Every structure is written in structure tokens, then in C-alpha cells.
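> Below is one structure. I have some questions about it.
We did not get these values from a lab; they are worked out from the coordinates using the rules stated. Since we're looking at a predicted model, the values are computed, not measured.
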Amino acid sequence: MLMIFVLMYFSGLISFLLKYNHLLMLLLSLEFIVLSLYYGLFIYLSLVGYEYFFMMLFLIFSVAEGVLGLGILVMMIRSHGNDYLSTFSFLW
């Protein structure tokens, strides 16, 4: 099970590093990394025998991160018309 967690994490990290043109693809790969971290946390807490309260806090923060990312995506699409990161000028 640990090998699945490591494979999930690194595949999300590789997709995050290779898909840097679209903001939506970056957000999806970040959510996949968060999902793999959640799976790893579940494995760890199951093996050690702790309570799962920390997993609920982790889910709350990951949902807040996803909502913030989607809000930024909608704001950028409404103001610029697309989600290509290469067309934006971040240093006005």
C-alpha cells in the first residue's frame, strides 16, 4: 500500500511539473497530489492506531485550497479570456 502512495504522489508531481501551460491542469494535478497525501495519511494513521480527526482537518484545508484555486481560475478566465499561463504578463 505504501508503494501505491509513493507512485500516486510522484505521478501527480510529474504531471504538475510537465503541464505548466494550463492553469486548470496545474490545479488538477495539485488536487491529485492532495488526494495521494490524504491516502498516505490514512495509511499512516491506520497502522499507528491514532484517531482520524486530523484527516478531517486535512480535508477541510484541501477543500479550501481547491475552492481558492477555482476562484482564481474563474477570475483569470473572466479577465483574460483563457487559462494559458504563458500568455499572462505577471510583471506589469
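> Can you give the angle from 0 to 90° between the axis of helix 23-48 and the longest principal axis of the chain, with both taken from C-alpha atoms, to the nearest 10?
Once rounded, one gets 10 degrees.
> Taking the 0 to 90 degree range and rounding to the nearest ten, how far is the long axis of helix 53-80 tilted relative to the main principal axis of the chain, both from C-alpha atoms?
10
> While we're here: Please report the projected area of region 2-86's Cα convex hull averaged over all directions, in nm².
Values: hull surface 22.8 nm².
Here the figure is 5.7 nm², rounded to one decimal.
> Report the residue, chosen from Leu73, Leu28, Leu18, that carries the largest GNM mean-square fluctuation when the chain is represented by alpha-carbon nodes joined by springs under 10 Å.
Leu18
> Could you give the angle, 0 to 90 degrees to the nearest 10, between helix 2-18's Cα long axis and the longest principal axis of the Cα atoms of the chain?
10
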